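Sharing a structure with you now.
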Ligand code: FEO
């Protein structure tokens, strides 16, 4: 669920990465989760701009929160794809899993203080998120649109979330 703070952060449009309607997959629940991922990326970026102990601690906390939220979002999406029997689920899940592995690896590097460039990490996060939404997530969105057109969509699956099932 997108918090009031997230909505404010996005609407202020002063971050490193900005939500744009072209990223919409047409499912409000998923769009809100993508907005939250963008907000977290901006939060990490802001931590990178400061170089003190407090910023380092905030960065670590936000990375942890990001990992938790990414897992939550991927789980919601995979449940949705499963419910609509999306044929690209296995390929999509593979990309999700690889991303989680990469982010966990980065978080570990950060914790150990070795070979970690925060700025590089937030750029990776931004590029991956926007490109994944624009390519992979749009594929199931298109599939949903085609189900809708054919009158084959059970609309209750669009509000599917791992926490309210
Ligand atoms: Fe929105 Fe497939 O991540």
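Could you check which residue among 68, 129, 53 shows the biggest mean-square fluctuation in a GNM of the chain with a 10 Å Cα cutoff?
Answer for the Gaussian network model of the chain: 53.
Additional query: Which angle between 0 and 90 degrees, to the nearest 10, do you get for helix 89-112 versus the longest principal axis of the chain when only C-alpha atoms count?
10
What's the angle, to the nearest 10 degrees (0 to 90), between helix 138-149's Cα axis and the longest principal axis of the chain?
In the chain, helix 138-149 runs at an angle near 20 degrees to the longest axis.
Between the helical axis of 28-49 and the dominant principal axis of the chain, each derived from Cα atoms, what acute angle in degrees is found, rounded to the nearest 10?
The two axes meet at around 10 degrees.
Springs between alpha-carbon pairs under 10 angstrom, Gaussian network model over the chain: which of 154, 137, 32 fluctuates most?
Between 154, 137, 32, it is 154 that shows the largest mean-square fluctuation.
Cut-off is 10 Å between beta-carbons; in what order do 133, 38 appear when sorted fewest neighbours first?
Lowest to highest Cβ neighbour count: 133, 38.
Here's a follow-up. Which residue fluctuates most in the GNM of the chain (Cα springs below 10 Å): 77, 91, 106?
Per the Cα network of the chain with a 10 Å cutoff, 91 tops the list.
With runs of 4+ DSSP H residues as the only contributors, calculate the mean residue ellipticity of the chain at 222 nm using -39,500 (n - 2.57) per run, divided by the residue total and rounded to the nearest 500.
Computed mean residue ellipticity for the chain: -23500 deg cm²/dmol.
How high is the relative contact order of the stretch 26-159, in percent, with contacts defined as C-alpha pairs under 8 Å that are six or more residues apart?
Values: 68 pairs, mean separation 46.1, N = 134.
Normalised by residue count, the contact order of the stretch 26-159 is 34 percent.
Here, each number is a calculation from the coordinates, and none is a lab measurement. Model, not experiment: these values are computed from the prediction. A quick note on method: Cβ atoms are made from the backbone with ideal geometry, for glycine too, and the neighbour counts reach across all protein chains shown.
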